[in-house]
Amino acid sequence: MENSGHLLRCTGCARVIEQRELKENFRCPECGDLYEVVYPSWSAGMAEIRKPNASAMRWLWKERCCSNTEADQSGVWRFREMLHILDDEANIVSLREGNTPLYELRRVAESTGIEHVFAKHQGMNPTGSFKDAGMTTALSVAHELGFDWVACASTGNTSAAMSAYAARAGMRSLVLIPQGKIAWGKLSQAMDYGALTLQLRTDFDGCVRVLNEVVKRAPVYLLNSVNPYRLEGQKTPALEIAETFDWEVPDHLIVPGGNLANSSALGKAFLEMKHLGLVTKLPKISVIQAEGANPLYRSLLSNSGETLEPVEAHTRASAIRIGNPASWKKAVRVIQQTGGYCEQVSEAEIALAKAEIGAEGIGCEPASAVTLAGLKKLIQQGKVQSNEKVVLLLTGHTLKDSDYTIAYHRGDLLKEGEIKDLRPEIELTRRNAVELEASADEVLRELERVAVR
Ligand code: F0G
């Protein structure tokens, strides 16, 4: 893989630039918008002179699963024809990310009346979240460009992923997180992987503001999702989904919405796959936000996504507690291009959905559970039909935020006023740990009590 030859196209004014012209904040100096990576020989709107052969790529990507090389064993880099962003493959920094499982959710299918519901579990990545897929690509670029320091503002998962990959590459990492507002599991990862972790007295949006200033004044490479190379890696779960279904795409893909890069990346992947003839149709891509952190939902409702009014974000799903999402325009485009929807869900709906995913033996972090809560809403509104194939994208592992899970099962998570008519379902899913004397009689009594319930 030499001389990648990729270019960057502004998603606002369509100006095409080379990698060396990118500004440190990854925004277009002309219009302030974000870039996307394009490939001169095959991307839509470019020369399209050397489109790769779809069947050959499908075969090659499968073959690589049996190979012993690091790049082939990565579920991201085995698709490298679709992310030709490095000049030299030796610069790849990988933790064998990707190749995540796609689980069928049989109980969810039964309770929702949808025949086929699947969970693509990106929480089964090396650092426990979907961020690894984009971190291996963007950090490898930073490595190739010779940076010593990388940095991100984060609600926790990006910082965990970035610090792990930086440590693998022998690079230094700077993490800005909102003080007291990220889950402990994620904070502990940044520390474990050796990042310089700074907890700022602000929210995520405030951390982003500060970091934008820092990257202007110091030679640190920004690894937030405004970095277009993150999105190239985050395309690969879409390729994996299509491959698992033998290149028949599902009808619907439902993703959580925070900073709104992931929906954009998955949309880009499906559009590119269709352009290259790897698939024949697009899934509807829908984005679900928490009610208290819903700027995209509001924007689409009030002005069809023309403008976005930032909000002060509040939700216990701390990963998506974001009021001013950087990639909102890209997300609007993907929803519109694929015919998807944007919905909002309440705290109680998120908590219940998380318990239901847990009860499938899979589990996920709260932000991921918005997908199931959103699916239920879309079904109620007649936007998903029972014979459609639906994939929920689970973004984080259940152990990321065990405080949330324990509080739910103890009954301490939700306030009275939040539960509303979900009380019966919530009561049914709660499984608090029971304290007993160390006696077989007591254990058997408890077993009997539960068995007759
Ligand atoms: N789910 C989880 C578990 C996340 O960590 C995030 C974002 C999202 C969903 C939303 O994805 O931003 O692409 O719309 N976490 C970022 C972070 C912001 O810093 O870890 P998005």
message: Rounded, prolate or oblate, given the Cα gyration tensor of region 56-215, with a/c below 1.5 counting as rounded?
response: oblate
field: Distance between modelled label sites at GLU18 and VAL443, nm, 7 Å Cα→Cβ extension
entry: 7.0
- prompt: Between GLU110 and TRP59, what length in nm is gained on full extension when 0.36 nm per residue of separation is reduced by their alpha carbon distance?
  reply: 14.8 nm
query: If one computes the Cα centroid of region 122-201 and of region 407-440, what distance in Å separates the two points?
result: 34
task: Can you sort GLU347, GLU240, GLU309 by 1.4 Å-probe accessible area, starting with the largest?
output: GLU309, GLU347, GLU240
message: Given a 1.4 angstrom probe, I'd like the percentage of the accessible area of the chain that is carbon and sulfur, rounded to a whole number.
response: 48
message: Not counting ligands, DNA or RNA, and with a 1.4 Å probe, what is VAL332's accessible surface area in Å² rounded to the nearest 10?
response: 10
message: Could you give the length gained by full extension between SER304 and LYS420, i.e. 0.36 nm per residue of separation minus their alpha carbon distance, to one decimal place?
response: 38.7 nm
statement: antiparallel share of DSSP beta bridges within the chain, to nearest 5, in %, is 25
- request: Report, to the nearest 10°, how far helix 261-275 tilts away from the longest principal axis of the Cα atoms in the chain, using its own Cα long axis and a range of 0 to 90°.
  value: 60
message: Can you compute the FRET efficiency between LEU399 and GLU248 using 1/(1 + (r/R0)^6), with r the Cβ-Cβ distance and R0 = 41 Å? Round to the nearest 0.05.
response: 0.80
message: Just to confirm a number: summing +1 for Lys and Arg and -1 for Asp and Glu over residues other than SER67 whose beta-carbon lies under 14 angstrom from that of SER67, what do you get?
response: +1
- line: Among SER140, LEU105, PRO126, the residue whose Cα sits farthest towards the positive end of the charge dipole of region 64-156 (+1 at Cβ of Lys and Arg, -1 at Cβ of Asp and Glu, taken about the Cα centre) is LEU105
message: Give me the 1.4 Å probe accessible area per residue for the chain, excluding ligands and nucleic acids, in Å².
response: 42
- request: Would you work out the relative contact order for region 86-178, in percent, from Cα pairs under 8 angstrom that are 6 or more residues apart?
  value: 28
query: What is the helix-to-structure angle for 347-358, meaning the angle in degrees between its Cα long axis and the longest Cα principal axis of the chain, kept from 0 to 90 and rounded to the nearest 10?
result: 90
³J(HN,Hα), Karplus 6.51/-1.76/1.60, whole Hz, each residue of region 155-164, x for Gly, Pro: 8, x, 6, 4, 5, 4, 5, 4, 5, 5
- prompt: Tell me, in nm to one decimal, what length is gained between LEU428 and ARG201 on full extension, where the rule is 0.36 nm per residue of separation less the Cα-Cα distance?
  reply: 77.9 nm
Placed amide H near LEU200: partners under 5 Å, 5+ positions off or other chain: ILE177, GLN179
- prompt: Structure shown: which of LYS354/LYS400; LYS235/LYS330; LYS330/LYS420; LYS284/LYS420; LYS131/LYS281; LYS383/LYS415 lie over 24 Å apart, alpha-carbon to alpha-carbon?
  reply: LYS330/LYS420; LYS284/LYS420; LYS131/LYS281; LYS383/LYS415
statement: In order over region 169-179: 3J(HN,Hα) from phi, Karplus 6.51/-1.76/1.60, θ = phi - 60°, whole Hz, x for each Gly or Pro, gives 8, x, 9, 9, 10, 10, 10, 10, 10, x, 4
message: Can you work out the Karplus-derived ³J(HN,Hα) for every residue in region 392-408? Use 6.51 cos²θ - 1.76 cosθ + 1.60 with θ = phi - 60°, whole Hz, and x for glycine or proline.
response: 9, 8, 8, 8, x, 6, 4, 6, 4, 9, 6, 4, 4, 4, 5, 4, 4
query: For the chain, list the cysteines whose Cβ sits under 4.7 Å from no other cysteine Cβ?
result: CYS65, CYS66, CYS152, CYS207, CYS342, CYS364
Length-normalised contact order for the chain - Cα pairs under 8 Å, 6+ apart - percent: 15
Environment charge of SER111, counting only residues whose C-beta is closer than 13 Å and scoring Lys/Arg +1, Asp/Glu -1: -2
- prompt: Relative to the first principal axis of the alpha-carbon coordinates of the chain, what is the inclination of helix 131-145, with its axis defined by its Cα atoms, in degrees from 0 to 90 and to the nearest 10?
  reply: 30
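The values are calculated or read from the model by the stated rules, or taken from the named source; none is laboratory data. No experiment lies behind these values; they were computed from the predicted model shown. Glycine gets a Cβ as well: all are built from the backbone with ideal geometry, and neighbour counts include every protein chain shown. These accessible areas exclude ligands, DNA and RNA; they are computed on the full protein's heavy atoms, side chains included. Shrake-Rupley method; radii C 1.70, N 1.55, O 1.52, S 1.80 Å.
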